[in-house]
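J.: Quick one: structure below, then a few questions.
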Amino acid sequence: MLHHLEIWVDDLEASRGSLGWLLVRLGYVVQSDWADGISYQHDRLYIVLESGPDVRHRPHDRRAPGLNHLAFSLPSSQDVDEVAAEALKHGFNLMFADKHPHAGGPDHYAAYLEDQSGFEVELVASRPAKI
């Protein structure tokens, strides 16, 4: 069982506006908030966004060794479409737009999003629409 994730970010305020917004939109609640970070909790899992003095300030490179992306399960393809459309207003860009929503294959309905710092999030439909 995953206990928590701690994501070090270059710009905490920008990440609050994108990743933080998305976490709240997906049902996470702010657990704690301090000068260099914020944590969001859903059930027993919590996710921390932090930009303290030890963070090396440079853009996230999802292609470098380390975390590539987070994927969240949503109930339906309609939910994926709704959240993805809203995310575009919160600093995200749609990745693989030419293959959307089946960039992961014909049986995989998902939106691949990237925020302004280069962090990727995938929204996956638990019940994909039929093609």
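J.: For every helix of n ≥ 4 consecutive DSSP H residues, a contribution of -39,500 (n - 2.57) applies; sum these over the chain, divide by its total residues, and give [θ] at 222 nm rounded to the nearest 500 deg cm²/dmol. Kindly include the intermediate steps, with their values, before the conclusion.
T.: On the way: 3 runs with 20 residues, N = 131.
Helix-only estimate at 222 nm: -3500 deg cm²/dmol.
J.: Also: Given Cβ point charges of +1 (Lys, Arg) and -1 (Asp, Glu) and nothing else, what value in debye, to the nearest 20, does the dipole of the chain about its Cα centre take? The partial results should precede the final answer.
T.: Details: 11 positive and 20 negative charges, 67 e Å.
My answer is approximately 320 debye.
J.: Net charge within 13 Å of Asn68 by Cβ-Cβ distance, Lys/Arg positive one each and Asp/Glu negative one each, not counting Asn68 itself? Working shown, then result.
T.: Details: positive: Arg62, Arg63; negative: Asp61, Glu114, Glu120, Glu122.
Surrounding charge for Asn68 is -2.
J.: By how many nm would the segment from Phe96 to Trp34 lengthen if fully extended, with 0.36 nm per residue of separation less the alpha-carbon distance?
T.: Numbers: separation 62, 0.36 × 62 = 22.32 nm, distance 3.54 nm.
Between Phe96 and Trp34, full extension yields an extra 18.8 nm.
J.: Which of Ser51, Ser73, Ser117 moves the most in a Gaussian network model of the chain with Cα springs under 10 Å?
T.: The residue that fluctuates most here is Ser73.
J.: Now for a different question. Report P(r) for the chain: all Cα-Cα distances, bin width 5 Å, range 0 to the bin holding the largest distance, values in whole percent.
T.: In order of increasing distance, the bins hold 2, 11, 20, 23, 20, 15, 7, 3, 1, 0 percent.
J.: Can you tell me which of Leu113, Leu94, Leu45 moves the most in a GNM of the chain? Springs connect C-alpha atoms under 10 Å apart.
T.: Of Leu113, Leu94, Leu45, the Gaussian network model singles out Leu45 as fluctuating most.
J.: At R0 = 35 Å, how high is the FRET efficiency between Asp61 and Glu82 if r is their beta carbon distance? Nearest 0.05 is fine.
T.: Values: r = 30 Å, r/R0 = 0.84.
Calculated value: 0.75.
J.: So what's the convex hull volume per residue for the Cα atoms of the range 68-131, in Å³? Intermediate results must be reported in sequence, preceding the final value.
T.: Details: hull volume 4.8 nm³, N = 64.
Hull volume over Cα atoms, normalised by residue count, gives 75 Å³.
We did not get these values from a lab; they are worked out from the coordinates using the rules stated. Predicted model only: the values in this text are computed from it and were never measured. Don't worry about glycine lacking a Cβ; one is built from the backbone with ideal geometry, like all the others, and counts go over all protein chains shown.
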